[in-house]
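Values in this text are rule-based calculations from the coordinates and carry no lab data. It should be emphasised that the depicted structure is a prediction, and the values quoted were computed from it without experimental measurement. A quick note on method: Cβ atoms are made from the backbone with ideal geometry, for glycine too, and the neighbour counts reach across all protein chains shown.
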Amino acid sequence: MEQRLSFITLGVKDLQAMKEFYVDKFGWKTHHDENGIVFFKLNGFILSLFPVEELAEDATVSADGQGFKGFTLAICLNSEKEVDDLFSDLGSKGVKVVKAPHKVFWGGYSGYVADLEDNLWEIAWNPFLELSPEGNVLK
């Protein structure tokens, strides 16, 4: 199978509030917003928001997820300053900072924020990655 990722779908409790979070706090634009699903076109794939009950039903699993979800999403930037600037911007918009950015054991610089339903976003500078101008990982 090819190594590829097309969609990440978050099962959400409040679709409208979550859409507004990503539009108002992250400053993203919707790519598709109808029929009970919201798409944000990112750099090479889609982040979609879909009601958690319907997503669980589609996957034929229980929707009662509790506590830490066992995954994080990450945005890699080009410098520690870019990380600090983004944290400053998000903090001024009331985004919940879970862990302020700092130098980390693996040689980079990162911290975490959470959306309204506690999906964790790591915002990091990784000195071992080369990014394209669009933010895609090259190496």
In the Gaussian network model of the chain, springs joining C-alpha atoms below 10 Å, which of Glu117, Glu80, Glu57 carries the largest mean-square fluctuation?
Glu57
What nm distance separates the two modelled labels at Lys69 and Phe45, each placed 7 Å from Cα along Cα→Cβ?
1.3
Which semi-axis lengths, in whole Å and largest first, follow from the square roots of five times the eigenvalues of the Cα gyration tensor of the chain?
26, 18, 16
Calculated from DSSP helices alone, with each H run of at least 4 adding -39500 (n - 2.57) and the total divided by the residues of the chain, [θ]222 nm to the nearest 500 comes to -6500 deg cm²/dmol
Can you figure out the FRET efficiency of Glu54 with Phe128, using R₀ = 41 Å and their beta-carbon distance, to the nearest 0.05?
0.60
Per-residue Cβ contact counts at 10 Å, fewest first, order His102, His31 as His102, His31
State the answer as a single residue: which of Pro51, Ile37, Asn119 lies farthest towards the positive end of the charge dipole of the chain, with beta carbon charges of +1 for Lys and Arg and -1 for Asp and Glu, about the Cα centre.
Asn119
Cα gyration tensor category, rounded, prolate or oblate, for the range 1-61 with a/c compared to 1.5
oblate
What is the chain's relative contact order, in percent, from Cα pairs under 8 angstrom and six or more apart in sequence?
21
Of Lys96/Lys139; Lys13/Lys103; Lys19/Lys139; Lys69/Lys96; Lys29/Lys69; Lys69/Lys139, which sit over 22 Å apart, Cα to Cα?
Lys96/Lys139; Lys13/Lys103; Lys19/Lys139; Lys29/Lys69; Lys69/Lys139
Using the basic label-point model (7 angstrom from Cα toward the beta carbon), what is the Ala17 to Ser92 distance in nanometres?
2.6
Output needed for the range 69-139: three equivalent-ellipsoid semi-axes, defined as square roots of 5 times the C-alpha gyration tensor eigenvalues, in descending order, whole Å.
20, 13, 12
